[in-house]
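Only the coordinates and a few stated rules stand behind these numbers; no lab work does. On a predicted model such as this, the values are computed, not experimentally measured, just so you know. Don't worry about glycine lacking a Cβ; one is built from the backbone with ideal geometry, like all the others, and counts go over all protein chains shown.
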Amino acid sequence: MDLGAELRAELVKAVATVIDRHADELTSLDQAIGDGDHGINMKRGFEAVLADVANLSAKPWPDFLKGVGTMLVMKVGGASGPLYGTLFMALGKDLPAEPGRADLVRAFRGAVTAVQARGKSERGQKTMLDVLIPTAEALEAGTADAAAVARAAHAAADATIPVKALRGRASFLGDRSIGHMDPGARSSALMIEAIASVLEKA
Ligand code: ADP
Ligand code: MG
């Protein structure tokens, strides 16, 4: 695997592109059960990461990921900014400079656990964790090809539709949150698909 600066830049571009393409959709999902800013928040965050891609991708993996996480905390805002920021910063703290697949799988699980601690949340509460936790499990189970990882993540996001929200703004709606996909679950699935497909080609 070539895990160099070019790959880091490609990952940033892939995630920024998918978030940009789906920003309106993420906003609509958040209009249904939140305050309608998730697409705008995420787009602002990843545009900022993309604007700094040359600088960020030149750094080794740990510093690159910490840099991305810090930028997301600063630029995304809302509940999702600190949570996605935690995810990337925790990955950066855990990964060695030259990570292999086993390092990625272990660090991803650790980062998801850090998000749970930060959000005081668990699986089944209709949040991004409903995608992040099953993805960690799929990776630990040895799911290797990008399409399978993406399918699992999207199925997990779909599975948030019938769930009642117990965390975040959507929880204020109680039963009225049922019947809508969680916006953070959707953005997680989109990012996971983009990242898996870039890493598979590396
Ligand atoms: P805000 O809710 O502050 O407007 P966003 O709209 O950007 O922030 O993000 C909303 C998403 O954040 C939700 O769809 C959910 O996935 C996620 N989220 C909110 N609170 C939590 C939490 N405590 N734990 C995990 N994820 C959360
Ligand atoms: Mg919102």
Quick one: length gained pulling Ala32 to Ala51 fully straight, 0.36 nm per residue minus the C-alpha distance? 3.8 nm
What is the extension gain from Arg21 to Ala147, computed as 0.36 nm multiplied by their sequence separation minus the C-alpha to C-alpha distance, in nm to one decimal? 43.4 nm
With a ≥ b ≥ c the root eigenvalues of the C-alpha gyration tensor of region 32-131, is it rounded (a/c under 1.5), prolate (a/b larger than b/c) or oblate? oblate
With each label point set 7 Å from Cα along the Cα-Cβ vector, what nm distance links Asp103 and Asp175? 5.1
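Given the peptides 16-23, 86-93, arrange them by the average over their residues of other C-beta atoms within 10 Å, most packed first. Please report the intermediate quantities before stating the final value.
Numbers: 16-23: 17.9, 86-93: 21.5.
Per-residue Cβ counts within 10 Å, averaged per peptide and sorted highest first, yield 86-93, 16-23.
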For region 5-201, what ratio Rg/Rh do Cα atoms give with a Kirkwood hydrodynamic radius? 0.94
What is the total of Lys pairs in region 5-201 with C-alpha atoms under 18 Å apart, excluding same-chain pairs fewer than 8 positions apart? 11
Determine the distance separating the Cα centre of region 139-187 from the Cα centre of region 87-136; give it in Å without decimals. 15
Contour minus Cα-Cα span, Lys164 to Lys93, at 0.36 nm per residue, comes to 22.2 nm
When the Kirkwood radius is taken over all Cα pairs of region 7-87, what Stokes-Einstein diffusion coefficient follows at 20 °C and 1.002 mPa s, in µm²/s? 170
Which residue, Ala79, Ala138, Ala51, has the most motion in a Gaussian network model of the chain that connects Cα atoms within less than 10 Å? Ala51
Can you give the angle from 0 to 90° between the axis of helix 183-201 and the longest principal axis of the chain, with both taken from C-alpha atoms, to the nearest 10? 20
Using only Cα atoms, tell me the angle between helix 129-140 and the longest principal axis of the chain; keep it within 0 to 90° and round to the nearest 10. 40
Per-residue counts of other Cβ atoms within 10 Å, averaged by peptide: what ranking do you get for 166-178, 31-43, highest first? 31-43, 166-178
Please give the FRET efficiency for Glu6 paired with Arg118, using the beta carbon to beta carbon distance and R0 = 35 Å, rounded to the nearest 0.05. 0.65
